[in-house]
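What follows is a single structure, written as structure tokens, with notes after it.
The values are calculated or read from the model by the stated rules, or taken from the named source; none is laboratory data. Since the structure is predicted, the reported quantities are computational estimates derived from the model, not experimental observations. Neighbour counts run over all protein chains shown; Cβ positions are idealised from the backbone, glycine included. Just so you know, the surface numbers come from the protein's heavy atoms only, side chains and all, with ligands and any DNA or RNA stripped out. Shrake-Rupley method; radii C 1.70, N 1.55, O 1.52, S 1.80 Å.
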Amino acid sequence: MPEVPVERLRKAYDPQELGCTTSAEVEPLETIIGQERAVRALRFGLGIKDPGFNIYAAGLPGTGRTTAVERFLEEIAKDKPVPNDLCYVYNFRDSYRPDALSLPAGRARKFQADTQALVEAAQREVRRAFESDEYAVNREETARGFQRQRNGLFSQLTKRAREHGFGLQSSPLGLVTVPLGDGRPLNDEELQSLSAEERDALTEKRDRVQGEIKATLRQARIVEKEATDALGKLDQEVALYVLGPLIEDVQDGYRECPEVVRYLEQVQEDMLENLSQFSPQQQEEPSTPRMGRETRSLRKYEANVLVDNSDLDGAPVITELNPTYNNLFGRIDQEPQFGTLLTDFTMIREGALHRANGGYLVLPAAEVLRNALSWDSLKRSLRNQEVMVEEAAERLGYMATRSLRPEPTPLDVKVVLIGDSSMYQLLYTLDPDFGELFKVKADFDVHMDRNDEHVQNYVSFVCALCREENLRHLDSLALAEVIEYGSRMAGDQEKLSTKFGAIADVLREANYYAQRDDAPYVSDVHVKRAIDERFYRSSLVRDRIQEMIDRGTIMIDVTGDTVGQVNGLSVFGLGDITFGQPSRITASISLGREGLIDIEREANLGGPMHTKGVMILSGYLAQKYAQDKPLSLSARLAFEQSYGGVEGDSASSTELYAMLSALSGLPIKQGIAVTGSVNQKGEVQAIGGVNEKIEGFFAVCQARGLSGEQGVLIPESNVPNLMLKEEVVQAVEQGRFHIWSVSSIEEGIEILTGVKAGLLQADGTFEEGT
């Protein structure tokens, strides 16, 4: 049977093919590597303007999805227009609903400064105008004129009262009529001495005088109101004379923004209606934020800038790694005052959607779903194409006190969710809104073809990382080692891994060792050491298992022949590393009708895939050996010294070899370990983790001493996946270790037993000696 040639055990890369001696000689990476499918999806999703074509970037962590998407978006965003700034201003019609103003990029801060300067100038100039001598003279003249009218009314009233024999006196209750006699007030005795007819006449005259008093007081109130209106008009004329030019100066800078011009007109009207706030007494009081229509603080004339795009060169690209409700949609701050919490429009704070408006927003899908309200509110904003700043408690309906409800702002943003494929499938299946709002899927692959273009991209990635993080550049041998490591991570000789996060970590560690050695460049020795050290730091469990095998605690034979016993290979995953270890698989056969019994399944330790693999063995045995008579046997399969769950079908061929050995009585060479799944036709199928499995058994044999007869039996379809460590390749090259590939059970059993498998003859028997 064929032994795998040494040159097929690892696909080395010739450094001469790089065309450079160090990574410093190439151009740094500026594109996404090996993700043509994802790039096409991104270009489409970002190019189409119709609503709902947001993007879900799917792929495994470590493939550089977030970094690649950000860089891709930044390149596209450079050619896009800079979006407008956003600020909130006071709503003079309803102070609980602040108005949103959109200004050209870079103008919001200037507008804020202009409004602050306007308030300061208004305070100064209005106070100066009201303190001027000219204003004092005009006000005194106006007041004197109305005072003369009032005095005239009361003089006429006094004269009329005397004509009727009454005098007028002021009291806390108003004007009081006093009867007169000989020009003086009558006392009580004189009033009592009057006859009844005289008292009736006096009462009648008093009633007429009281009527005239009421009429005069009405006229006096009219005069006072006219005086107040005239003085107020005078104040407004004086204030308008001062404020008009100030307001116009600000308006002249924003004629292209009709909303700003209208807002400044409202500011002027409100200032004229509330001139008392410019009085010296008001200015000496600290300006504090208040809520309600009675607000008189000069702070209400200022602008609250939420988004300032003055520093942008294109559309914004915002990545929010903590997409809480407030971080996404903004919040309304509050401050304590006199034992209560108060707020106003100046305390409205922006969220990531505000900053990304007119551009692109990148969000981790898992974090968005993990934060309460974020997902539903994001869908609502995308569906309604507006973003609203709203208290979370009010969003839930728990708000007991009245708060601000700022005007929603129009939303024009492309959202890119970063997540894995399983989450995409769940959202698409369980959330009917998801498919309508995220119509573009950008699928990031974990592998790419190992061709010249992608190899050069690998080198460019190394160059970019070294420049960006100020690392030592790699020489050609180190670059070749990185390329081979990329193929090993991909588990394929013709592929390269796109898990650039892990590759970047190896480069950083290699730079550390090069720095310790004071080497000008990172060499292949440093890269190999970084790879080995990363594995060593996490391999404590693996070393303890190896130690138990060496001491015989876990029984593994690597020499001799045994019936019904085969060394199977399994892979252990510890999160950051995976490693292979051999496991003894045994089969016992006896007469009976129980058939094939999987001890792992009976003990509830076998997973569904493992159970399926064992059941396939029954199908193979029935087809192979029960064509002319029933197959009656009792067979038991077990993973010896296995105390955890067993899953996967990669040991099904191993179990079948153990059964065939037990049935035939032919011993199996214990120096050969086996991996591979099998179908009912007896064909050996590919499995995963082939490199780790081979290296795991090699380590056991190496610890016991390589005899030259040991090796591993793998499926022929797994040969392209071989990227073995160099020490394994050297051992095979020296004939101290072997790797065979088989495509059928017949080929495998011949290698394991040294006996020809034989073919089924027409009479239902097999050849002699098979």
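Quick notes
- Distance histogram in 5 Å bins (all Cα pairs of region 498-548, percent per bin): 5, 20, 23, 18, 14, 11, 7, 2, 0
- Counting only DSSP H runs of at least 4 residues, each contributing -39500 (n - 2.57), and dividing by the residue count of the chain, the helix-based mean residue ellipticity at 222 nm comes to -14500 deg cm²/dmol.
- When its C-alpha radius of gyration is set against 2.2 N^0.38 Å (N residues), region 484-608 gives a value of 1.53.
- The apolar share of the surface of region 478-547, taken as the fraction of accessible area on carbon and sulfur atoms (1.4 Å probe, ligands and nucleic acids excluded), comes to 48 percent.
- Database remark: amide H of F766 closer than 5 angstrom to the amide H of Q761 (H placed geometrically; neighbours at sequence offset of 5 or more, or on other chains; Pro and chain starts carry no H).
- Mean separation of Cα contacts under 8 Å (6+ apart) over length of region 60-172, as relative contact order %: 13 percent
- Rg/Rg_ref, the chain, where Rg_ref = 2.2 N^0.38 Å and atoms are Cα: 1.68
- Computed from backbone phi with θ = phi - 60° and the Karplus coefficients 6.51, -1.76 and 1.60, the 3J(HN,Hα) list for region 638-655 is 8, 8, 6, 6, 10, 10, x, x, 10, 9, x, 10, 6, 9, 5, 5, 4, 5 Hz; x is used for glycine and proline.
- 17 Å tail of the calculated P(r), region 1-138, as % of Cα pairs: 81 percent
- When Rg and the Kirkwood Rh are both derived from Cα coordinates, the Rg/Rh ratio for region 656-770 amounts to 1.01.
- Cross-link partners for K379 among the lysines, with Cα-Cα distance under 24 Å and sequence neighbours closer than 8 places in the same chain left out: K49, K414, K439, K441.
- Packing, taken as the mean count of other beta carbons within 10 Å per residue, orders the peptides 272-278, 202-208, 478-484 from highest to lowest as 478-484, 272-278, 202-208.
- Across region 9-18, computed HN-Hα scalar couplings (Karplus, 6.51 cos²θ - 1.76 cosθ + 1.60, θ = phi - 60°) run 7, 7, 8, 6, 10, 7, x, 5, 6, 5 Hz from first to last residue, x flagging Gly and Pro.
- Shape category assigned to region 355-396 from the gyration tensor of Cα positions, a/c cut at 1.5: oblate
- Once the Cα atoms are used to define both axes, helix 374-384 deviates from the longest principal axis of the chain by about 70 degrees.
- Where the alpha-carbon atoms of region 298-364 are placed on the principal axes, they occupy 43, 28, 13 Å, in descending order.
- For region 463-469, putting each phi into the Karplus relation 6.51 cos²θ - 1.76 cosθ + 1.60 with θ = phi - 60° gives couplings of 4, 4, 5, 4, 6, 5, 10 Hz, in residue order, rounded to whole numbers and with x for Gly and Pro.
- The amide H of E647, built 1.01 Å from its N in the peptide plane, has G607 as neighbours under 5 Å, considering only residues 5 or more places off or on other chains.
- Size descriptor for region 645-694, Kirkwood hydrodynamic radius: 11.9 Å (Cα pairs only, one decimal).
- Annotation: per residue accessible area for the chain equals 50 Å², rounded to a whole number [probe 1.4 Å, protein chains only].
- One equal scatterer on each Cα of region 313-421, no solvent, Debye formula: the resulting log10 I(q)/I(0) at q = 0.14, 0.20, 0.23 Å⁻¹ is -0.58, -1.06, -1.31.
- Taking every C-alpha pair closer than 8 Å and separated by at least 6 residues, the mean separation divided by the residue count of the chain gives a relative contact order of 17 percent.
- Of all lysines in the structure, the ones whose alpha carbon falls short of 18 Å from that of K495, not counting any fewer than 8 places away in one chain, are K11, K725.
- Acute angle (nearest 10 degrees) that the helix 36-47 long axis makes with the longest principal axis of the chain, alpha-carbon atoms: 20 degrees
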